[in-house]
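See structure below.
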Amino acid sequence: MPELDRIMTVALALADASSSRASNSWRGDLAVTYKTDGTSLTEADLSIEEMWRERIRRDFPSHGILGEEYGSDAGASAYTWVLDPIDGTRQFGTGLLNFASLISVCREGFPILGIMDLPLPGVRYVAGQGKGTIFDGRVVKSSGQREIEPSKISLANPDSFTGDTAPGYERLRSSGRLRVFDGGAPAYGALSRGLIDICLNGDDLDCIDICALCPVVTEAGGVITDWQGQALSLTSSGAIAASASPDLHSTVLDMLARQG
């Protein structure tokens, strides 16, 4: 079995194992604590990542692991697993639905596999390099929208756009046909289905939030970069943008870079 196929098989098993755990936790008596940086933490975050790490270490002992809750374990191969058991813990811990479990694998630092599992409503996006993006068992594609005026735009939590990113956020907020807010990772999945044309996030992301989104967007025909148009990788952090086509992405980047 080719290496990516073998990795994909294990990644899907991880998503299967975590989905019910996250769903049951959300339905139960959620206990939320807070990290030193003020971000939310639940038992589901910890238990899911522990479970994932145990399986990865067993099946791929030479692979590196970088997780939201337990940090980095260096590997001896080109592959690194990037794990966020509950992306959107703020929403999860307040009983909202726009959270996801994110699994990514990077080769030589660049994402080649992304899984975005949505425990509620029980669907997932799966993308591997050269394999397309699969949602709920079917291949999906971005809208291919090329113009800004008719675009549907997802904008992250306004509090995440600070300093130099605030003017770009305001320009996108005044553009397009329709705008939605604070959609989290699921918004990037919706872009891969052609339901959203532009996604914009501010300064508060790191690679754990980013890596799984990249194959989901690009394998569906979209484009995802930082605000300067640079490819995203294991070392990326900060503001990102995704668009349904290269032409639309060029327009978005120009708007974000505009002075005044």
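Note on segment 241-258: among residues that are farther than 15 Å from GLY194 by Cα and in contact (Cβ under 8 Å) with a residue 60 or more places away in the chain, the one that is farthest from the chain's Cα centre (by Cα) is ARG258. Based on what the data block shows, is ILE208 closer than 21 Å to THR133 by Cα, outside any loop (DSSP other than H, G, I, E, B) and touching an Asp or Glu at 6+ places or on another chain (Cβ under 6 Å)? The answer is yes for ILE208. Go through segment 204-231 and give me each residue that's within 13 Å of the chain's Cα centre (by Cα) and buried (at least 24 other Cβ atoms within 10 Å of the Cβ). Selection gives ILE210, CYS211, ALA212, LEU213, CYS214, PRO215, VAL216, VAL217. Exactly one residue out of GLU43, GLU54, GLU68, GLU108 is open to solvent by 50 Å² or more (accessible area, probe 1.4 Å) and closer than 17 Å to GLU3 by Cβ, and it is GLU108. Can you spot a residue in segment 168-189 that is at pLDDT 95 or above, closer than 21 Å to ALA11 by Cα and aromatic (Phe, Trp, Tyr)? Yes: one or more hits. Taken as a whole, the structure leaves ASP29 outside the set of residues that are within 26 Å of ASP159 (Cα to Cα), open to solvent by 70 Å² or more (accessible area, probe 1.4 Å) and free of Cβ contacts under 8 Å to residues at least 60 places away in the same chain. Per this entry, GLY128 is not counted among residues that are under 21 Å from ASP209 (Cβ atoms), at pLDDT below 95, open to solvent by less than 50 Å² (accessible area, probe 1.4 Å) and of a type in the set (Gly, Ala, Ser). Name the one entry in ARG146, ARG173, ARG138 that is in contact with a helix residue (DSSP H, G or I) (Cβ under 6 Å, 6 or more places away or on another chain) and of a type outside the set (S, T, N, Q). Every option except ARG146 fails the conditions.
Which residue is modelled with the lowest pLDDT, if the candidates are limited to segment 1-26 and must be surrounded by fewer than 12 Cβ atoms within 10 Å (Cβ to Cβ) and over 16 Å from GLY114 (Cα atoms)? Restricting to residues being surrounded by fewer than 12 Cβ atoms within 10 Å (Cβ to Cβ) and over 16 Å from GLY114 (Cα atoms), the top hit is MET1. Put simply, of ASP204, ASP197, ASP159, ASP209 the only residue that is closer than 27 Å to VAL123 by Cα, at pLDDT below 95 and out of contact with any His (no Cβ under 7 Å at 6 or more places or on another chain) is ASP204.
The values are calculated or read from the model by the stated rules, or taken from the named source; none is laboratory data. Keep in mind that this is a model prediction, so the values were computed, not measured. Backbone-built Cβ (ideal geometry, glycine too); neighbour counts: all protein chains shown. Areas reflect the complete protein model, heavy atoms only, side chains present, ligands, DNA and RNA absent. Shrake-Rupley method; radii C 1.70, N 1.55, O 1.52, S 1.80 Å.
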